[in-house]
């Protein structure tokens, strides 16, 4: 097979996007090691899907013999369990092997799997000390299949057992989340625009945000909680944060908008969660200052933990949860220290909910409580895995053990970023929304509706009215 160089691909992407993370290819003896297909040497026909800050997967696996290779360094010789994260389009049985030196393990898809899966291969792979090539290869005799492969994961069995045990013991109670019914998310960011005119500087917009008016609007929707975006395309925080100031000054605000909003929501019987993004390629100053593209991830994840733990300590139980974006495409490929990140995210409140958004990919870690469900509109859960009348937690598939949730765009976009433009109408009628809410509740799947918001802090009155009427209809027994 013709092999194309991963190094050439990474250099091209670095030139195109101002730098991209290159891993150290060092096997971690005390945690999971992630080997991404976009970082591999791959056979002809296999693509590498990446963005400026993220790595997704490699589509184009269609023939027996195709493979991906990684040259890794093993500090501790031992037997390692192997997972393969992959997606099949056509429901065909497909067999694989992963090889390292003279050792290999095998596994297969039956063709009955749904969506993305984390396939555990049989047995263990013996990794010798030092440098070794790890190869993933399709060994099916037939060529009538189509796969996308995200990664190969390596972990010592005893380490896996210990990590999974600790993650399971740390799961928070999601009863309040279910009882809330649904939430409202707002991407109120440094890129938000007012209804008309120029955008204000971020700190000034924070100072001018009318918390009481916003909380009153959300209360009318009937939502039980709000997810407020902090950083998104650019790294900012709507309040004081000494850790962020130390990394990149000028990205915080003197007014504590988070604290003010938490108080306004609490007196209305609602909770506050925060959305956080680790940093996008559209913010090169942050990427450089935070160490986001450094092969040694120590500085980046230390910075992350300092920011997040300071937020948690400041707000305590006033902060009910975190919705961390790009868990599978920005954290996962760095072989993130999930347990340490979990401790930082729980600082100040041990029952704070945590979700790492995987998009449509498998869950990146067990150290979380709910599935974020970006773009998932079906109340029965990811690929119909939830049972009606169940407890709202996945019992099989790529999100096993997690509380179901779905994050949906209500109008036309996540962020209202167009100048002199009104927020458009909601995509659902009140009757449609009433049916949707009733169905979600029957599965105990918690939807989060992202509504566009002006920089002034106002959401669309038409959207609020749609939710009000939908609640009335639902309380009357359906579409009436």
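The values are calculated or read from the model by the stated rules, or taken from the named source; none is laboratory data. Since this is a predicted model, take the numbers as computed values, not measurements. As a convention, Cβ positions derive from the backbone with ideal geometry for all residues, glycine included, and neighbour counts pool all protein chains shown.
Data for the structure
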read-out: Among the candidates 83, 117, residue that is at pLDDT below 95, part of a strand (DSSP E or B) and within 20 Å of residue 332 (Cβ to Cβ); value: 117
read-out: Failed condition for residue 382, given (1) in contact (Cβ under 8 Å) with a residue 60 or more places away in the chain; (2) surrounded by 22 or more Cβ atoms within 10 Å (Cβ to Cβ); (3) within 13 Å of the chain's Cα centre (by Cα); value: (3)
read-out: Condition check for residue 204: out of contact with any strand residue (DSSP E or B) (no Cβ under 7 Å at 6 or more places or on another chain) and either outside the structural domain of residue 421 (by TED's automatic domain parsing) or exposed (fewer than 14 other Cβ atoms within 10 Å of the Cβ) (or both); value: yes
read-out: Enumerated strands (runs of 3 or more DSSP E) restricted to region 121-222, each holding at least 1 residues that are within 27 Å of the chain's Cα centre (by Cα); value: 130-138, 147-155, 183-186
read-out: Region 250-285: number of residues that are surrounded by fewer than 21 Cβ atoms within 10 Å (Cβ to Cβ) and over 27 Å from residue 349 (Cα atoms); value: 5
read-out: Some residue of region 62-80 being touching a helix residue (DSSP H, G or I) at 6+ places or on another chain (Cβ under 6 Å), within 24 Å of residue 160 (Cβ to Cβ) and in a loop (DSSP other than H, G, I, E, B); value: no
read-out: Single residue of region 220-238 satisfying the filter (out of contact with any strand residue (DSSP E or B) (no Cβ under 8 Å at 6 or more places or on another chain) and surrounded by fewer than 23 Cβ atoms within 10 Å (Cβ to Cβ)) that is farthest from residue 323 (Cα to Cα); value: 220
read-out: Residue that is surrounded by fewer than 21 Cβ atoms within 10 Å (Cβ to Cβ) and assigned to a loop (DSSP other than H, G, I, E, B), where the choices are 413, 435; value: 413
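Each row is one residue, and each column tells you yes or no for (1) surrounded by fewer than 24 Cβ atoms within 10 Å (Cβ to Cβ); (2) in contact (Cβ under 8 Å) with a residue 60 or more places away in the chain; (3) assigned by TED's automatic domain parsing to the domain that holds residue 49; (4) closer than 21 Å to residue 152 by Cα.
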{"residue": "345", "(1), (2), (3), (4)": "no, no, no, no"}
{"residue": "348", "(1), (2), (3), (4)": "yes, no, no, no"}
{"residue": "354", "(1), (2), (3), (4)": "yes, yes, no, no"}
{"residue": "360", "(1), (2), (3), (4)": "yes, yes, no, yes"}
{"residue": "371", "(1), (2), (3), (4)": "no, no, no, no"}
{"residue": "375", "(1), (2), (3), (4)": "yes, no, no, no"}
